[in-house]
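Participant: Take a look at this one; I'll ask things after.
Where a number appears in this text, it was derived from the coordinates with a stated rule and is not lab data. All figures in this text were calculated on a predicted structure; none of them were measured in a lab. Cβ coordinates were reconstructed from backbone atoms using ideal geometry, including for glycine residues, and neighbour counts include every protein chain displayed.
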Amino acid sequence: MPVRVIRLLGDMEEDPASRQMLITGWRQDLIRNAKVLVVGAGALGNEIVKNLTLLGVGKIRVVDYDVVEGSNLSRAVLFTKADARRRVRKVDAIARGVKRLDPYGYIEVEAYHTDIMDHGPDSPLYNKIDVIFTALDNLEARLHVNTVAYMKRIPLIDGGMDGAMGHVQVVIPPYSSCLNCSVTDRDMKVLSEKLKCDGLPLTIGQPKTPAVITTTSVVAAIMVHEFIKIIHGLERFKKTGKWDERLGEPLMGKRLFINLASNKFIIYDVPISKTCVLHEL
Ligand SMILES: [Zn+2]
């Protein structure tokens, strides 16, 4: 083999993205130029940001108002024991964690220690964002971000867990149903309550939800893989109504329930609800 070819192959091996770039249709430039918003820096937020960092997403904005506690450490790869001891803000701990992990050296994290409920559609938090992830533990905040995402036409990827169960839903405004649609749909509501996959409104003394890293990892992996499909295929979908077959079609207008105890993965259609006001906008 000529020396130059060997050297080129050697250079490729040095690129952290080289293996994912072997996937047919993969565009690392789209990944690198993406700007995402992750709402919630808990267990799910950690796994999402970890995956985004390893993918090489250029700009990651993280919002959370909480501080790190010892109980987070079993499910939060970017937090340290020192973060918990010093009660560091979760967003700052995540930003430092990304700096340690970043194999590319270019990833920027913007950390916002604030309550998302205080930020409506005019908030700069949503500026120039390509995709929003909701990694929240309560329905109220989910629906708030859902409303803003729909108004601003930003794709939203939602996920949640309860023990061995989890869910993922993708909202592509204005084409798909939204999180609010499934809340007003009676069947989905019964299902949500039965499976306890939706967060409950924040109340004082609310019991803690059972949580384990295995479910968190699976949910976050599915969420971030949905992002890959959206970032590669959304422009084409807007023009042609078709997604890039090589990368796949996201869970648009659908909700995936997973149960790692029974190994059941079930996808439900979430139609646009006639009573959901967001689709009249
Ligand atoms: Zn809706």
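Participant: In sequence order, what are the phi-derived ³J(HN,Hα) couplings for the stretch 59-74 according to the Karplus relation 6.51 cos²θ - 1.76 cosθ + 1.60 with θ = phi - 60°, rounded to whole Hz, with x for glycine and proline?
Facilitator: Using θ = phi - 60°, the values come out as 10, 10, 9, 10, 10, 6, 10, 9, 10, 6, 10, x, 5, 6, 5, 6 Hz.
Participant: Turning to a different aspect of this structure: Among 211-223, 228-240, 37-49, what's the highest-first ranking by average C-beta atoms within 10 angstrom per residue?
Facilitator: Going by the mean number of other Cβ atoms within 10 Å, highest first, we get 37-49, 211-223, 228-240.
Participant: So how do 149-155, 57-63, 111-117 stack up, highest first, on mean other-Cβ count within 10 Å?
Facilitator: On the way: 149-155: 19.4, 57-63: 22.9, 111-117: 16.4.
Taking the mean over residues of other Cβ atoms within 10 Å, the ranking is 57-63, 149-155, 111-117.
Participant: Continuing with this model, one more query. Taking R0 as 22 Å, what's the FRET efficiency between K254 and Y106 from their Cβ-Cβ distance, rounded to 0.05?
Facilitator: After rounding to 0.05, the efficiency reads 0.05.
Participant: Can you find, among L73, I116, V91, the residue sitting farthest towards the positive end of the charge dipole of the stretch 39-132, where Lys and Arg contribute +1 and Asp and Glu -1 at Cβ?
Facilitator: Of the candidates, L73 comes out farthest on the positive side.
Participant: Ok, one more. Using the Karplus curve 6.51 cos²θ - 1.76 cosθ + 1.60 with θ = phi - 60°, what ³J(HN,Hα) values do you get for each residue of the stretch 142-149, in whole Hz, with x for Gly and Pro?
Facilitator: Using θ = phi - 60°, the values come out as 4, 5, 4, 5, 4, 4, 5, 4 Hz.
Participant: Treating only the Cβ of Lys, Arg, Asp and Glu as charged (+1, +1, -1, -1), what charge dipole size does the stretch 26-280 show about its Cα centre? Round to the nearest 20 debye. Don't jump to the answer; show the numbers that get you there.
Facilitator: Details: 35 positive and 29 negative charges, 104 e Å.
That gives the stretch 26-280 a dipole magnitude of about 500 debye.
Participant: Same structure again: Which of L251, L52, L101 ends up with the largest GNM mean-square fluctuation for the chain, with Cα atoms connected below 10 Å?
Facilitator: L101
Participant: Can you list residues from other chains, or at least 5 along the same chain, whose modelled amide H is less than 5 Å from the amide H of G160?
Facilitator: Here H167 satisfy the definition.
Participant: If a paramagnetic tag sat 7 Å from the Cα of K35 along the Cα-Cβ line, which residues of the stretch 54-68 would have the backbone N under 11 Å from that point?
Facilitator: Flagged as within label range: 59-61.
Participant: Another question about this same structure. Report the label-to-label distance for H113 and S18 in nanometres (one decimal), using points 7 Å from each Cα along the Cα→Cβ vector.
Facilitator: 4.1 nm
Participant: Shifting gears a bit: Which links in K35/K238; K59/K90; K35/K99; K50/K128 stretch past 23 Å when you go from one Cα to the other?
Facilitator: Violating the 23 Å limit, Cα to Cα: no pairs.
Participant: In addition: I want the local charge near R27. Using Cβ-Cβ distances under 14 Å, sum +1 for each Lys or Arg and -1 for each Asp or Glu among the other residues.
Facilitator: Residues near R27 contribute 0 overall.
Participant: Roughly what % antiparallel, to the nearest 5, for the DSSP beta bridges in the stretch 26-280?
Facilitator: For the stretch 26-280, the DSSP antiparallel bridge percentage is about 50.
Participant: Any idea which of S217, N146, L101 is furthest toward the positive side of the dipole for the chain, if Lys and Arg beta-carbons carry +1 and Asp and Glu beta-carbons -1?
Facilitator: Value computed over the given set: L101.
Participant: Sticking with this structure for a sec: Using modelled amide H (1.01 Å from N, peptide plane; none on Pro or chain starts), what sits under 5 Å from the amide H of Y65, excluding residues fewer than 5 places away?
Facilitator: T114
Participant: Based on the Cα coordinates of the chain, what is the per residue volume of their convex hull in Å³?
Facilitator: 153 Å³
Participant: Pop the C-beta distance of T209 and R87 into the FRET formula with R0 = 22 Å and round what comes out to the nearest 0.05.
Facilitator: Efficiency computed from Cβ-Cβ geometry: 0.55.
Participant: Using 0.36 nm per residue, how much length does the chain from R153 to K128 gain when fully extended, once their Cα-Cα distance is taken away?
Facilitator: Here the segment from R153 to K128 would lengthen by 7.9 nm.
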